[in-house]
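The structure appears right after this line, and notes come after that.
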Amino acid sequence: MTLPYHLVKVCGSIVFAAQGGDIHSFSSALQHISTWKYPAVQQADESKAPSAETEESPAPEGPPAKRRKVENGKDSVSNGQPKSKKNAQAMPKRPCALALTSDNNTILSADKFGDVYALPLLPTTTTTTTGSESAPSPLPSQPQSRSATPSTPTTTTTPAAGQTPPLFKSQANELTVHTKRNLRALENQKISLGRRALAEQLGANRPQFESTLLLGHVSMLTAICVGTVSVAGGKPREYILTADRDEHIRVSRAAPQAHVIEGFCLGHEEFVSRLCVAPGGKAEVLISGGGDDDLFVWDWVKGEVLGRAAVLEHVKGVAGQEEASKVAVTRVFACTWEGRTGVFVVVERVPALFHYDFLEDNTLQHRETIPLPANPLDVDLVEAAVAAPRLLVAVDTATSTSTEGRGSSLIALEKGEAGWRQSRVEDLPAGGDITMSTTELQKILYSTESLRKLSDFD
Amino acid sequence: MGGDKIKKDKRQKREEYRAAIRQEGVSELPRKKFYRQRAHANPFSDHQLIYPPSPDQMDWSSLFPHYVVDEPQDQQTPAPETSTSQDLAPLKVKRISKDVEVADIGCGFGGLLIALAPTMPDTLILGLEIRVSVTHFVEDRIKALRAQNDEAKLYRNVGVLRANTMKFLPNFFRKGQLSKIFICFPDPHFKARKHKQRIVSTTLNSEYAYVLRPGGIVYTITDVPNLHEWMVQHFDAHPSFERVPEEEQEADPCVAIMRTETEEGKKVERHKGEKHVALFRRLEDPAW
Ligand SMILES: C[S@@+](CC[C@H](N)C(=O)[O-])C[C@H]1O[C@@H](n2cnc3c(N)ncnc32)[C@H](O)[C@@H]1O
């Protein structure tokens, strides 16, 4: 079967779209430019990818060490070990969500154990520590996760095996467009497919992997973003916003004061899965979504709820979804055009895009439900030199009910007089074929609802 | 909201029912043997916990009924805990006249709470315990003590809640609400693999700093030298805390109580074990 595109990311005039382990780049006219293939993704591995997960249980009960041991019996790790001998590989904890600091220099990686690590976007080639000179470099074997100090950074560096160049650097060089955001896209896509491949990559080519523990929840993290507020007469203040499966949204100062929790945005009664800081000069407003029936709008600086906007109600309005009783929000995407702000929401397994207006008084108002031929997986705004907004939506064609819905899994939505005109992006490169059952693939693509707690009462 | 809310309401009714029973004046002290439970509860799993979505929605009135302010005030945000699905009228939460200021994290059978209560009669003290039946024991113990000391009005300032403090502390307490946090004889989790379950860690210490006001104190005590070192190391390493000097520590009357009055402390006494104490003061946040 052919994998759908599952992530789209617009970086200036280049559009990146991920499909399994491949990243394709397109012009803003949606003409294919190039394809980058994840080096270690091989058919044989892909088919095993879901079961190769070492930690799938939602209850994080992991080892204290920053890196997990992965039993790896594959001989594709060319270390000369006999195939039969199990070989323990170190790998970093799988990120659940990523963000970049506002200076574009640091990746913030939030993991399922609740910790947030800072990683330099472009790692140094030396294995010595970064951060404070005073902090002793821990032994790699020393458990550091929760014992590491948030503000006097304890930096852990995975020892380099051989002379392999750093993973992230070499990947950046592969890309035709050398922006920093494309690396983020790269990071994002590692989360889903090709995890086994990543494990092998990290095991085989141990990159220099410096990371600093910044903060941690005990709950599994689901979303992270950076917020910046300007201060009259002072430097802008940067914050890290983190959301977890236990309904919290936490607001911490950015490094080097990430140990200071400034506040919480509390009110969700189900998991939070998505955070979105409002654009258009409304940097203190946060929109969050998750397993609740509504989106929440917050003044995250004050930790106050400003309002809610129904989602379930509109999901029920989508044909065939009358029985919908709950939602799992998987995307909240905001963009501005012609002086107004639109918020587009994707709900897991619902073939529509929910369009809200974000108004001057900070309310979110449902504007329209844009029906789609299949379940959307991601959405971004293609910045074209046109007045009307043009959205690019990745859809899971396998979920299409009509034959018309099959075919290209990238759909362009153009705002016209009479609503949104949909057109398939036809110039898609070949590839993305995989031997995997639909059920397996669906488990990977639709994992958000599984964040819901089962243990409700009576 | 629908279904989930209704379920939560049922839960709340049970809670209220229990609260009502409590006030019927049972004065016999509970017996521990009816409340024993497996020693450990995994702080990472979901459990079936009751907690308010935010501190503003916490109904403290059943825990501290003597502090209820007569006039129930309108709640800005509806409190699901106090509503029923049929209840369409504006939701009310009974307000109490004070905020909880002292928390005993992992209070166990409540010895510290009971000993502290008369020493700070104007301060609300709350024990938080993850194990259900242990929490029930403390509830019944407080109920009985209140009844026995009705005239002296003792023990009205102490309450207990079942909670997983590693996850839900900010659901109960606002920023800077607490002046003292006790962490007495926490589970040691000896194995390195289990260190993540320890109730003290640099990342969790940020949450303790959040609920503590500047100048507030974290009290720790343990008989496990290793764990003592761990706690000292992790609080020392955290920029929001400084160690309280020994002289000041020994002058603090709470320290003597903490040494002798918790169940775990008494056990250590019987076994002639050592007790290691360390106090940490919450510092002001640094300038940006
Ligand atoms: C060894 S006992 C000490 C009890 C009491 N402080 C004493 O000194 O007698 C530790 C207690 O902490 C409780 N506990 C452990 N993890 C907890 C958590 N995450 N939240 C609340 N209580 C917890 C345990 O259930 C246990 O009762």
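The values are calculated or read from the model by the stated rules, or taken from the named source; none is laboratory data. Since we're looking at a predicted model, the values are computed, not measured. Cβ placement follows ideal geometry from the backbone for every residue including glycine, while neighbour counts extend to all protein chains displayed. Protein only, heavy atoms only, side chains kept; ligands, DNA and RNA dropped before computing areas. Shrake-Rupley method; radii C 1.70, N 1.55, O 1.52, S 1.80 Å.
Quick one: work out Rg over Rh on the C-alpha atoms of the stretch B:190-288, Rh as Kirkwood radius.
Details: Rg = 14.2 Å, Rh = 14.4 Å.
Taking Rg over the Kirkwood Rh, I get 0.99.
In debye to the nearest 20, how big a dipole does the stretch A:227-286 give about its Cα centre with +1 on each Lys and Arg Cβ and -1 on each Asp and Glu Cβ?
I would put it at about 360 debye.
Taking 0.36 nm per intervening residue step and subtracting the Cα-Cα distance, what contour gain separates A:Ala232 from A:Ser13 on full extension?
Gain on extension, A:Ala232 to A:Ser13, equals 75.5 nm.
Using a 1.4 angstrom probe and counting only protein chains, how large is the accessible area of A:Lys316 in Å², to 10?
Per-residue accessible area (A:Lys316): approximately 90 Å².
How large is the dipole of the stretch B:98-288 about the Cα centre if only Lys and Arg carry +1 and Asp and Glu carry -1, each at its Cβ, rounded to the nearest 20 debye? Walk me through the numbers before you get to the answer.
Details: 27 positive and 27 negative charges, 162 e Å.
Its charge dipole is roughly 780 debye.
Heavy-atom accessible area per residue, the stretch A:388-448, 1.4 Å probe: how many Å²?
Per residue, the stretch A:388-448 has an accessible area of 48 Å².
In Å, what Rg and Dmax follow from the Cα atoms of the stretch A:246-348?
Rg then Dmax for the stretch A:246-348, in Å: 14.7, 50.
Please list A:Ser230, B:Ser179, A:Ser219 from largest to smallest accessible area, probe radius 1.4 Å, with all protein chains kept in place.
Working: A:Ser230 110, B:Ser179 30, A:Ser219 5 Å².
In descending accessible area the options line up as A:Ser230, B:Ser179, A:Ser219.
I need the shape label for the stretch A:229-299. Rule: rounded when a/c is under 1.5, else prolate if a/b > b/c, else oblate, with a, b, c from the alpha carbon gyration tensor.
oblate
When only C-alpha pairs under 8 Å and at least 6 residues apart count, what is the relative contact order of the stretch B:98-288, in percent?
Working: 337 pairs, mean separation 43.5, N = 191.
Here the relative contact order equals 23 percent.
Would you mind getting the Kirkwood hydrodynamic radius of the stretch B:207-257 from its Cα pairs, rounded to one decimal in Å?
Final number for the Kirkwood radius of the stretch B:207-257 is 12.1 Å.
Given H placed 1.01 Å from N in the peptide plane, which residues other than close sequence neighbours of A:Ala97 have an amide H under 5 Å from its amide H?
A:Ala110
For B:Gly176, which sequence-distant residues (separation of 5 or more, or a different chain) have an amide H within less than 5 Å of its own amide H, given hydrogens modelled in the peptide plane?
The answer is B:Val211, B:Leu212.
Give the A-B buried accessible area in Å², both sides summed, 1.4 Å probe, nearest 100.
4500
Enter the accessible area of B:Arg162 (Å², nearest 10), with the probe set to 1.4 Å and all protein chains included.
Surface open to solvent at B:Arg162 totals about 60 Å².
Provide the descending list of Cα extents for the stretch B:98-288 along its principal axes, expressed in whole angstroms.
So the extents along the principal axes, rounded to whole Å, are 49, 43, 34.
Assuming R0 = 51 Å, can you tell me the calculated FRET efficiency for the pair B:Val68 and B:Leu283, based on Cβ-Cβ distance, to the nearest 0.05?
0.90
Dipole of the stretch B:98-288 (Lys/Arg Cβ +1, Asp/Glu Cβ -1, origin at the Cα centre): which of B:Tyr219, B:Met166, B:Thr260 lies farthest to the positive side?
Highest projection toward the positive end goes to B:Met166.
How large is ³J(HN,Hα) for each residue in the stretch B:114-121, as worked out from phi by the Karplus curve 6.51 cos²θ - 1.76 cosθ + 1.60 (θ = phi - 60°), to whole Hz, x for Gly and Pro?
5, 6, 6, 3, x, 7, 9, x
Just to make sure I understand: if all protein chains stay in place, what is the order of A:Trp337, A:Trp300, B:Trp288 by accessible area at 1.4 Å, largest first?
Working: A:Trp337 25, A:Trp300 5, B:Trp288 105 Å².
Highest to lowest solvent-accessible surface, that is B:Trp288, A:Trp337, A:Trp300.
Tell me the accessible surface of A:Thr399 in square angstrom (1.4 angstrom probe, heavy atoms of protein chains only), to the nearest ten.
40
Under the rule of at least 5 residues apart or a separate chain, name every residue whose amide H is placed under 5 Å from the amide H of A:Leu3.
A:Asp433, A:Ile434
What do you get for Rg/Rh over the stretch A:330-458 if you use C-alpha atoms and the Kirkwood form of Rh?
Values: Rg = 16.6 Å, Rh = 16.3 Å.
Here Rg/Rh amounts to 1.01.
If each residue of separation counts as 0.36 nm, what is the full-extension length gain between B:His271 and B:Glu247 once their alpha-carbon separation is subtracted?
Full extension from B:His271 to B:Glu247 adds 6.0 nm.
Take the Cβ-Cβ distance between B:His40 and A:Lys37 as r, set R0 to 45 Å, and report the resulting FRET efficiency rounded to the nearest 0.05.
0.45
Could you tell me the calculated FRET efficiency between A:Ser27 and A:Glu417, based on Cβ-Cβ distance and R0 = 35 angstrom, to the nearest 0.05?
Rounded to the nearest 0.05, the efficiency is 0.85.
Pop out a list of residues from the stretch A:289-307 that are at least 20 Å² less accessible with all the protein chains around than in their chain alone; 1.4 Å probe, no ligands or nucleic acids counted.
By number: A:Asp293.
Take the alpha carbon gyration tensor of the stretch A:405-449, find the square roots of its eigenvalues, order them as a ≥ b ≥ c, and report rounded if a/c is under 1.5; if not, report prolate when a/b exceeds b/c, else oblate.
It comes out oblate by the Cα gyration axes.
Ranked by accessible surface with a 1.4 Å probe, highest first, in what order do B:His195, B:His238 come? All intermediate terms of the calculation are to be shown ahead of the outcome.
Values: B:His195 30, B:His238 0 Å².
So the residues, ranked largest to smallest area, are B:His195, B:His238.
Find the Cα radius of gyration of the stretch A:389-429, compare it with 2.2 N^0.38 Å by division, and give the number to two decimals.
Numbers: Rg = 10.8 Å, N = 41, 2.2 N^0.38 = 9.0 Å.
So the Cα radius of gyration is 1.20 times the expected 2.2 N^0.38 Å.
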